[in-house]
Amino acid sequence: MTRLTIKKPDDWHLHLRDGAMLEAVLPHSADFARAIIMPNLERPVVTTADAAAYRDRILAALPEGQAFTPLMTLYLTESTDPDDVEAGFRSGLITAVKLYPAGATTNSQNGVHDLERVYPVLERMAEIGLPLCVHGEVVDPEVDIFDREAVFIERVLEPLRRRIPDLKVVMEHVTTQDAVEYVQASERNLAATITVHHLMVNRNAMLAGGIRPHYYCLPIIKRERHRQALRVAATSGDQRFFLGTDSAPHTDGRKLSSCGCAGVFSAPLALPCLAHVFEECDALQKLEAFASLNGPIWYGLPSNDESVTLVRHDEPQAWPERIASADGPVTLFDPTVPLHWALETQAGGQPG
Ligand code: DOR
Ligand code: ZN
């Protein structure tokens, strides 16, 4: 197959940041019609008013001609007001609430220390049908960083889901076979997003033959067995798995440091990478389900009317190594292999 036309994809997990970085990266999500926008700004998006203001800033930064709908989320804190969450949901502004265990990742320090304290919000969300997006890693320093997702399932997620079975939960950016199997075994109200980078590379890309900080992200990239499990899940057509790039730009200055930030900036080449993965798995016919259909089904939204066409070129396509922002350069995800797929509208494979 050398051409593939699918409904226009959505990105069910995206970091757009704010200010100069927002302006620099937003045009690079042009391949997507909608995206779930993560709320972990330096000053997090905690209230419905914060989310309305942030959505306005995103829409103001949209380049002319780029049709893009930001689906807003709230950052759950121990003082989140259930009434504000419900009002945001009922107004149509809020699509999900995000749980960051405090200390788990970038800008998570205002997240949740004690789940008991947010049960009133979670119970309200279950009542009204508002999904919870979860960063599924424990922060216990005793737990090895490569085990933090698996331990989260056992210690946090399973007890939470037993206590509030009506709560719709998305396990964000799953990285392990354990998480895939947990989602597959669930009877209802559980889904998972999978990133492009976790489908493309294993931890050797980050750590073998030199340390490559641009692959450092959270949850941390795991061993090959886990990548294979993610590939099987993503290409299976199972409606519980869908694309969330977790494209998370940081300037090179903040990545290439003795204590570098977690995050991979993958949005500009997410779809060509996905086509590569699905072709390798002999599953191109399942790409539309993963990128364009399963997410809307889960969130109860219509799929997009528009289509996009991916074309396989004989020659590898070229992408810039980095983009500029007023805060400094931002390096793109390096897929480690030549990519032959590009969006048809992107002459020469240049990112949108
Ligand atoms: O790698 C990551 N980067 N993982 C996260 O959970 C947060 C994100 C970010 O905001 O930079
Ligand atoms: Zn994220």
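Tabulated data
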quantity: Which of Trp341, Trp298 has the fewest Cβ neighbours within 10 Å, and the rest in rising order; calculated: Trp298, Trp341
quantity: Acute angle (nearest 10 degrees) that the helix 224-234 long axis makes with the longest principal axis of the chain, alpha-carbon atoms; calculated: 90 degrees
quantity: Extension gain from Glu321 to Arg162, taking 0.36 nm per residue of separation minus the Cα-Cα distance; calculated: 52.7 nm
quantity: Value of relative contact order over region 9-306, rounded to a whole percent, pairs C-alpha under 8 Å and six or more apart; calculated: 17 percent
quantity: Length-normalised contact order of region 172-265 in % [C-alpha pairs under 8 Å, at least 6 apart]; calculated: 36 percent
quantity: Sum of -39500 (n - 2.57) over DSSP H runs of 4+, divided by residues of the chain (222 nm, nearest 500); calculated: -7500 deg cm²/dmol
quantity: Between helix 270-280 and the chain: long-axis angle, C-alpha atoms, 0 to 90°, nearest 10; calculated: 70 degrees
quantity: Net charge, Cys217 excluded, C-beta distance under 14 Å - Lys, Arg +1, Asp, Glu -1; calculated: +2
quantity: Net charge dipole size for region 9-306 [Lys, Arg +1 and Asp, Glu -1 on Cβ; Debye, nearest 20]; calculated: 420 debye
quantity: Beta bridges by DSSP in the chain, antiparallel share as percent, to the nearest 5; calculated: 30 percent
quantity: Sequence of Tyr182, Tyr100, Tyr216 once ranked by neighbouring C-beta atoms within 10 Å, starting from the fewest; calculated: Tyr216, Tyr182, Tyr100
quantity: Hydrodynamic radius by Kirkwood, which averages 1/r over all alpha carbon pairs of region 45-97, in angstrom; calculated: 11.6 Å
quantity: Residue-span extension gain [Asp314 to Arg223] - 0.36 nm each, minus C-alpha spacing; calculated: 29.7 nm
quantity: Reciprocal mean inverse distance between Cα atoms of region 116-272 - Kirkwood radius, Å; calculated: 16.5 Å
quantity: Residues of type lysines that Lys255 reaches as a straight line, Cα spacing below 21 Å, ignoring anything fewer than 8 places off in the same chain; calculated: Lys222
quantity: Mean Cα-pair separation over length for region 245-352, i.e. relative contact order, pairs under 8 Å, 6 or more apart, %; calculated: 32 percent
quantity: Cut-off 9 Å between beta-carbons: net charge of the residues surrounding Leu132, Lys and Arg +1, Asp and Glu -1; calculated: +2
quantity: Gained length - Ser79 relative to Leu256, 0.36 nm times residue gap less alpha-carbon distance; calculated: 60.2 nm
quantity: Computed Kirkwood radius, in angstrom, where 1/r is averaged over Cα pairs of the chain; calculated: 20.2 Å
quantity: FRET E, pair Ala53, Met1, Förster distance 56 Å, beta-carbon r, rounded to 0.05; calculated: 0.80
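Each reported figure results from applying straightforward, stated rules to the coordinates on display, with no laboratory input. Computed from a predicted structure; not experimentally measured. Virtual Cβ from ideal backbone geometry, glycine too; neighbours counted across all protein chains shown.
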